[in-house]
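Read through the structure below, which is laid out as C-alpha cells, and then see the notes.
The values are calculated or read from the model by the stated rules, or taken from the named source; none is laboratory data. Note that the coordinates shown come from a computational prediction; the quantities given were computed from them, not determined experimentally. Cβ coordinates were reconstructed from backbone atoms using ideal geometry, including for glycine residues, and neighbour counts include every protein chain displayed.
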Ligand code: NAD
C-alpha cells in the first residue's frame, strides 16, 4: 500500500500500527481537525488527512471563482482536450487507484478497477460532448427576427459524494462540468478522503502541464460541516450531492433557501420482479450479484426479490444454494466474492436490521453474522443474509446499506408485483426477469416501474455511463452521467435578434410613439 500511495502522490503515511474506524481528532496547539483514515480491509490506519477550515475554504473558493473567469473562455473542444488528457492519466493510474479504492473503501479489486474504468469512460464521453453542447433554433413570430437558445457555463459546481463510489461519482460530475466550462470543488466522503486526494493529484498534474489555474479542480475535506460551507454559499450555483436520503433532504432545503440548484442522487430500495416466465439461472446470477456485490453497499444493490408464488420455492432454493458458495474475505484477493462493510457503525446497522426483520415477523433463511478470527480483524466482515419478509414491514421499506436480501411473494398478475415494487419511498433502480413480452412491456409502460432505472432481464445493480443515471421520489430526482445530463451544469439563454429597421413587438402589441 505504501507503493500505491506514493505513486498517487500521497506521502503522509502512518503505517498500520493501530486499528479502528475513521475518526476526527484535533492536532495539538493549532486545533487543526484531522481525519484518520482506517482501512475496513484490515482495520489498520492508512494515513491522516487535514480537514478544511473555514479560512482554507475561503482560499479555495477564491481560487475557483478566479479560475472560472479564464476557464469559461477556453473553447469547449479545448476543454475537452484537457479531459482527454485526464482520461489518459487515469489509464496510467488505473491499477494503483483501483487498489486504493479497494483498500480504503473495501470493495473488491475488480470493482475498484471497474470504478476507475467508469471514470475513463465518462472522460471519453465528455470529450465527444465538448463538440455537442447544442442548443435549438426556433422560428420567431416576428418578421426579420431570429431566435435561438444557447448554453453557457454556470460557474463553480460543488460536489458532495458518498463513500461507496469514492472516485467515480466525482468524475461523472467533473468530466461533464469541465467541458461545460465550469470549475469544481469536491468534498469527498470523510470515510474515503485518500481517494479524493489521489484523484485531485492526478487532475492537478494535467492542469499544471497545460498551464491552467489549479482552481479548475478543488478539493476540500471534512464531514457534513465542511459540506455546509458549500450548501450555504451563494457563490456556488449548483450543488451535486450523492448520499443518503436523510442528507439529501437537508442539502435540498439549504440550497433551495438561497435559490441555488441542486442535483440529488440519494438512496434506493431496489427490487427484482421474478415472474413465472423468468429464466431462473439468469435470475439467480442477477439477484446474488445485486445483493452481495460491494457487500450490498451500492445505491443500486438489490434489496427485494418479488417472486411469483408458483416459482417461489424453486427460486428461493436456487438462491440459498448460491449463497453457500460465497467466499467472504479480503477484497484484494480475487477469489473472494464479498468484502467488508465500510466501518463498524455500518456493521451495527446490519445487526439492527436483522433484529428488526425478525421482530416484525420475518424469517431468516440464511442467517447473518459478524465474522471474527484471522483475516477479519477489522470487525467489518459480515455474512450476507436472506430473510423471507412482507412488503409492508418497516425494515423492508427502508434502505439498509448491507448485504441483506428480502424475499417477497406475489400472486396473480404482474401488476400486483409492480404495485409492491413501487410501494416504497425510493425510486432508483428496478428490474423484471421474464421472457414474456407483455409482462416486460407492462413493466416499462407509464403504469409500470416508477424508478429512474428499469431493466429487463438484467439485475438492478450497476449502470452504463452512456445513459442518464438517477432516480425519482426519495432518490432525489437528479440525473448524472450520460444522455443530456450535461444540461444541469449549464445555464440556458434564449436570444432574439432583430435584423430589420422596424421594432415589431411580440403578440402583435402596438406601441406607437
Ligand atoms: P451520507 O449521506 O452519510 O454522506 C454522503 C456525503 O454527504 C458525505 O460526503 C457527507 O459528509 C455529506 N453530508 C452529510 N450530511 C451533510 C449535510 N447536512 N450537508 C452537507 N453535506 C453533508 O451517505 P454515505 O453513507 O456516504 O453513502 C451511502 C448512501 O449514499 C446510501 O443511501 C446510497 O444509496 C447513497 N448513494 C446514492 C447514489 C445515487 O447515485 N443515487 C450513489 C451512491 C450512494
>> Among the residues in region 286-294, are any modelled with pLDDT of 95 or more, out of contact with any strand residue (DSSP E or B) (no Cβ under 6 Å at 6 or more places or on another chain) and within 16 Å of the ligand (Cβ to nearest atom)?
In response: yes
> Looking at region 479-496, is at least one residue touching a helix residue (DSSP H, G or I) at 6+ places or on another chain (Cβ under 8 Å), within 12 Å of the ligand (Cβ to nearest atom), part of a strand (DSSP E or B) and at pLDDT 95 or above?
Replying inline: yes
> Going by the conditions given, is residue 174 more than 28 Å from residue 401 (Cα to Cα) and out of contact with any helix residue (DSSP H, G or I) (no Cβ under 6 Å at 6 or more places or on another chain)?
Replying inline: no
> When you look at residue 332, is it modelled with pLDDT of 95 or more, in a loop (DSSP other than H, G, I, E, B) and away from the ligand (no atom under 16 Å from the Cβ), yes or no?
Replying inline: yes
>> Here is a check on your reading of the model: is residue 439 in contact with a strand residue (DSSP E or B) (Cβ under 7 Å, 6 or more places away or on another chain), closer than 26 Å to residue 170 by Cβ and at pLDDT 95 or above?
In response: no
> Of the residues that make up region 223-238, is at least one more than 10 Å from the ligand (Cβ to nearest atom), at pLDDT 95 or above, out of contact with any strand residue (DSSP E or B) (no Cβ under 6 Å at 6 or more places or on another chain) and closer than 24 Å to residue 7 by Cβ?
Replying inline: no
> Quick one: would you say residue 298 is in contact with a helix residue (DSSP H, G or I) (Cβ under 9 Å, 6 or more places away or on another chain), closer than 25 Å to residue 450 by Cα and within 16 Å of the ligand (Cβ to nearest atom)?
Replying inline: yes
>> Of all residues being in a loop (DSSP other than H, G, I, E, B) and touching a helix residue (DSSP H, G or I) at 6+ places or on another chain (Cβ under 7 Å) in region 107-151, which is surrounded by the most Cβ atoms within 10 Å (Cβ to Cβ)? Just the residue, please.
In response: 107
> In the list 339, 329, which residue meets the criterion of being free of Cβ contacts under 8 Å to residues at least 60 places away in the same chain and over 25 Å from residue 427 (Cα atoms)?
Replying inline: 329
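Starting from residues that are part of a helix (DSSP H, G or I) and within 26 Å of residue 485 (Cα to Cα), keep the ones in region 174-196 and report whichever is nearest to the ligand (Cβ to nearest atom).
So, considering only residues that are part of a helix (DSSP H, G or I) and within 26 Å of residue 485 (Cα to Cα), the one nearest to the ligand (Cβ to nearest atom) is 196.
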> Of the residues that sit in region 396-417 and are assigned to a helix (DSSP H, G or I) and over 25 Å from the mean Cα position of the chain (by Cα), which one is nearest to residue 352 (Cα to Cα)?
Replying inline: 417
>> Kindly evaluate residue 249 against the criterion of being over 18 Å from the mean Cα position of the chain (by Cα) and more than 22 Å from residue 391 (Cβ to Cβ).
In response: no
> Would you pick out the residues in region 301-324 that are in a loop (DSSP other than H, G, I, E, B) and out of contact with any helix residue (DSSP H, G or I) (no Cβ under 9 Å at 6 or more places or on another chain)?
Replying inline: 309, 310
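Let's see how each residue does on (1) within 23 Å of the chain's Cα centre (by Cα); (2) touching a residue at least 60 places away in the same chain (Cβ under 8 Å); (3) surrounded by fewer than 20 Cβ atoms within 10 Å (Cβ to Cβ); (4) closer than 22 Å to residue 424 by Cβ:
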{"residue": "234", "(1), (2), (3), (4)": "no, no, yes, no"}
{"residue": "242", "(1), (2), (3), (4)": "yes, yes, no, yes"}
{"residue": "257", "(1), (2), (3), (4)": "no, no, yes, no"}
{"residue": "268", "(1), (2), (3), (4)": "yes, yes, no, yes"}
{"residue": "282", "(1), (2), (3), (4)": "no, yes, yes, no"}
{"residue": "294", "(1), (2), (3), (4)": "yes, yes, no, yes"}
{"residue": "320", "(1), (2), (3), (4)": "no, yes, yes, no"}
> Do we have any residue at all in region 245-261 that's more than 16 Å from the ligand (Cβ to nearest atom), touching a strand residue (DSSP E or B) at 6+ places or on another chain (Cβ under 6 Å) and at negative phi?
Replying inline: no
> On the given criteria, is residue 431 assigned to a strand (DSSP E or B), in contact with a strand residue (DSSP E or B) (Cβ under 8 Å, 6 or more places away or on another chain), in contact (Cβ under 8 Å) with a residue 12 or more places away in the chain and surrounded by fewer than 21 Cβ atoms within 10 Å (Cβ to Cβ)?
Replying inline: no
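Checking the structure you have, find out if any residue of region 162-173 is more than 16 Å from the ligand (Cβ to nearest atom), buried (at least 24 other Cβ atoms within 10 Å of the Cβ) and at pLDDT 95 or above.
Taking every residue of region 162-173 in turn, none turns out to be more than 16 Å from the ligand (Cβ to nearest atom), buried (at least 24 other Cβ atoms within 10 Å of the Cβ) and at pLDDT 95 or above.
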> Looking only at residues in region 126-147 that are within 23 Å of residue 237 (Cβ to Cβ) and touching a residue at least 40 places away in the same chain (Cβ under 8 Å), which one is farthest from the chain's Cα centre (by Cα)?
Replying inline: 135
> Which residues, taken from region 197-218, are within 16 Å of the ligand (Cβ to nearest atom) and without any contact (Cβ under 8 Å) to a residue 40 or more places away in the chain?
Replying inline: 200
> Within the group 445, 449, which residue is over 30 Å from residue 144 (Cβ atoms) and touching a helix residue (DSSP H, G or I) at 6+ places or on another chain (Cβ under 8 Å)?
Replying inline: 449
> Can you find a residue in region 370-388 that is within 23 Å of the chain's Cα centre (by Cα), farther than 23 Å from residue 286 by Cα and at pLDDT 95 or above?
Replying inline: yes
> Taking into account only those residues within region 458-471 that are within 11 Å of the ligand (Cβ to nearest atom) and either under 17 Å from residue 118 (Cβ atoms) or more than 12 Å from the chain's Cα centre (by Cα) (or both), which is surrounded by the fewest Cβ atoms within 10 Å (Cβ to Cβ)?
Replying inline: 463
